[in-house]
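Data block below; observations after.
Here, each number is a calculation from the coordinates, and none is a lab measurement. Just so it is clear, the structure is predicted and the values come from calculations on it, not from any experiment. Please note: Cβ atoms are built from the backbone with ideal geometry, for glycine as well, and neighbour counts cover all protein chains shown.
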Amino acid sequence: KEHIKSVGVIFQGHSFAVALNNLSEQYALVRYTYKCERESPLYKDEIDSIFDWDAETHTKHIVEAGTDIPLKDGESIPTAAMLVAMYRLREDLNKALEYAGGEALKTDDYYWSSSEFNINTSWYLYFDSGYLNNYFYKYESGYVRTCTSFEL
């Protein structure tokens, strides 16, 4: 157990690994929304976001806009699709995270995704209800559970 760093998730043909713990504090997704592009092909509505699994591209876009989220090499902020998968598998995922010495996903607040809706907002998910929304501004603080990609 002491060598486990993440828990693998396979969901509808997609695979990624979830970090054992949240980052140590809540973070804004970006420091300033005015540094985000006004228009971007990466900005997507809810339906398109829940089918987009490209966390690396979305995270790179967030990093370029200016974030304080301390990502290690290879780590990404999960997309809305990944958060939905994590929510759907939350009972077994939480058991696996705790078995490996990590912490269960929080249910008292929301998790940021790297899937952006527009210049000001990004998609986030409440793990108590599965509520996916984009009402908070990117500069507001929320939980981040990093992920990494892997191929089967």
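Applying 1/(1 + (r/R0)^6) with R0 = 30 Å to the Cβ-Cβ distance of E103 and E39, what FRET efficiency is obtained, to the nearest 0.05? So, using R0 = 30 Å, E works out to roughly 0.20.
Every Cα-Cα pair of region 4-152 was included, and the share exceeding 28 Å stands at 11 percent.
Each of the peptides 80-92, 55-67 was scored by the mean count of other Cβ atoms within 10 Å over its residues; in descending order, highest first, they stand as 80-92, 55-67.
Over the residues of the chain, the helix contribution to mean residue ellipticity at 222 nm works out to -6000 deg cm²/dmol, using -39500 (n - 2.57) for each DSSP H run of at least 4.
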